[in-house]
1. Mind listing just one residue for me: the one in segment 1-31 that is open to solvent by 10 Å² or more (accessible area, probe 1.4 Å) and within 17 Å of residue 92 (Cα to Cα) and, of those, farthest from the ligand (Cβ to nearest atom)?
2. Can you confirm whether residue 232 is within 16 Å of the ligand (Cβ to nearest atom) and either at pLDDT 95 or above or not in a helix (DSSP H, G or I) (or both)?
3. Quick check on my filter: what residues within segment 56-83 are surrounded by fewer than 17 Cβ atoms within 10 Å (Cβ to Cβ) and more than 20 Å from residue 254 (Cα to Cα)?
4. Which residue out of 162, 194, 168 is at pLDDT 95 or above and open to solvent by 60 Å² or more (accessible area, probe 1.4 Å)?
5. (1) more than 19 Å from residue 125 (Cα to Cα); (2) outside any strand (DSSP E or B): which one isn't true of residue 50, the others all being true?
6. Mind counting the residues in segment 1-18 that are over 23 Å from residue 58 (Cβ atoms) and in contact with a helix residue (DSSP H, G or I) (Cβ under 8 Å, 6 or more places away or on another chain)?
7. So which of 10, 64 ends up being in contact with a strand residue (DSSP E or B) (Cβ under 7 Å, 6 or more places away or on another chain), part of a loop (DSSP other than H, G, I, E, B) and in contact (Cβ under 8 Å) with a residue 40 or more places away in the chain?
8. So if I check each of 281, 285, which one is farther than 26 Å from residue 152 by Cβ and surrounded by fewer than 18 Cβ atoms within 10 Å (Cβ to Cβ)?
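The values are calculated or read from the model by the stated rules, or taken from the named source; none is laboratory data. All figures in this text were calculated on a predicted structure; none of them were measured in a lab. Cβ sites come from the backbone with ideal geometry, for glycine too, and all protein chains shown count toward neighbours. Calculation scope for accessible area: heavy atoms of the full protein, side chains included, ligands and nucleic acids excluded. Shrake-Rupley method; radii C 1.70, N 1.55, O 1.52, S 1.80 Å.
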Amino acid sequence: VKTIAVLTSGGDSPGMNAAVRAVVRAAAQSEINVYGVKHGYYGLIHDEFVEMDTHSVSNIIQRGGTILKSARSEEFRTEEGRKKAADNLKKYNIDALVAIGGDGTFTGANLLSKEHGVNAVGVPATIDNDIIGTDETIGYDSALNTALEAIDKIRDTADAHERMFLVEVMGRDTGFIALETSIASGAEIALLPEELTNVEEVKRQLNNMLKEQRRSSLVVVAEGDETGGAIKLAEKIKDDFSQYDMRVCILGHIQRGGAPTARDRVLASRLGAAAVKVLIEGHSEVMVGVVNNSLKLTPMRVAISKKKELDHSLIELAKILR
Ligand code: F6P
């Protein structure tokens with residue numbers, strides 16, 4: 001392997017910069033040239049290649065977002081778009097691609113491999129934590145802590161005014177952020193896409209709490225919950241709790257920003273360096289992950305085809321402790 005390209009694609013996540021840094025520095029260590037591709041697959045098609053060296057990734061490990069920028073490219077979904085991308089990789093004599101992102105990113109990399117024989121390795125980075133083959137994705141821990149900090153603050157004001165808050169967190173169609181923030185914040189209820197939500201049951205539980213004279217309550221709602229999110233849930237239950245001064249708060253994109261936590265920086269550093277190592281060893285169409293503190297390779301087609309499940313013992317724990 002003489003020359004590789006690295007890109008970040010899809011929703012950004014804290015730690016992507018740390019991963020880019022690790023790819024560039026591990027490659028430099030093995031005398032491999034690196035091109036950074038700006039704006040993900042869009043830049044691959046439109047020739048946004050920049051040469052990178054160890055200095056170009058100085059002072060980025062602590063920064064959120066991605067210095068390579070990210071985008072979602074409709075053009076890359078077409079065969080013609082992917083052909084242009086593959087031609088550009090050939091033009092720069094690039095032997096392999098490191099794609100940092102989530103399942104959409106890996107789907108793209110997998111198609112490039114299948115259709116044009118491009119060697120590709122995936123590095124899992126998304127706040128949603130919805131990728132199998134790794135215990136955690138890069139950015140999940142940071143998003144969790146950002147959401148938790150916000151929820152703790154909401155609890156203070158909820159308590160002061162004896163209010164009920166419905167707080168919506170991200171996670172697309174998975175409940176990883178919702179489940180773990182609800183446990184860590186001591187939320188009264190968590191609504192998860194992985195479980196059927198019975199609105200009558202939610203009302204019953206909230207009523208029981210009122211009877212027990214709990215005067216502030218927090219309901220963490222995953223954005224992908226079947227009720228349709230916190231605003232819709234509020235509409236469905238507000239008439240039954242008119243005596244309660246209910247408020248809705250949608251945490252939104254603050255969960256995607258900010259400095260990565262130490263755990264995410266270390267994970268990103270491990271996975272970025274591992275991606276280069278496995279390419280040198282001759283692997284392709286795989287995703288690098290960390291499972292039980294050991295490096296694990298998962299075929300990219302497997303990583304994109306199976307849904308990661310929540311830990312059911314944590315769901316039970318949340319119910320016991322509420
Ligand atoms: O996949 C990351 C994520 O932040 C999801 O949690 C959320 O549903 C989605 O991206 C939001 O996407 P956008 O930034 O395009 O609104």
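1. Once the filter is applied, the top-ranked residue is 31.
2. It is true that residue 232 is within 16 Å of the ligand (Cβ to nearest atom) and either at pLDDT 95 or above or not in a helix (DSSP H, G or I) (or both).
3. Within segment 56-83, 56, 58, 59, 74, 75, 77, 78, 79, 80, 83 qualify.
4. Of the residues listed, the single one that is at pLDDT 95 or above and open to solvent by 60 Å² or more (accessible area, probe 1.4 Å) is 194.
5. Residue 50 satisfies all of (1) more than 19 Å from residue 125 (Cα to Cα); (2) outside any strand (DSSP E or B) except (2).
6. The number of residues fulfilling the criteria is 4.
7. Sole residue among the options that is in contact with a strand residue (DSSP E or B) (Cβ under 7 Å, 6 or more places away or on another chain), part of a loop (DSSP other than H, G, I, E, B) and in contact (Cβ under 8 Å) with a residue 40 or more places away in the chain: 10.
8. Matching residue, one of 281, 285: 281.
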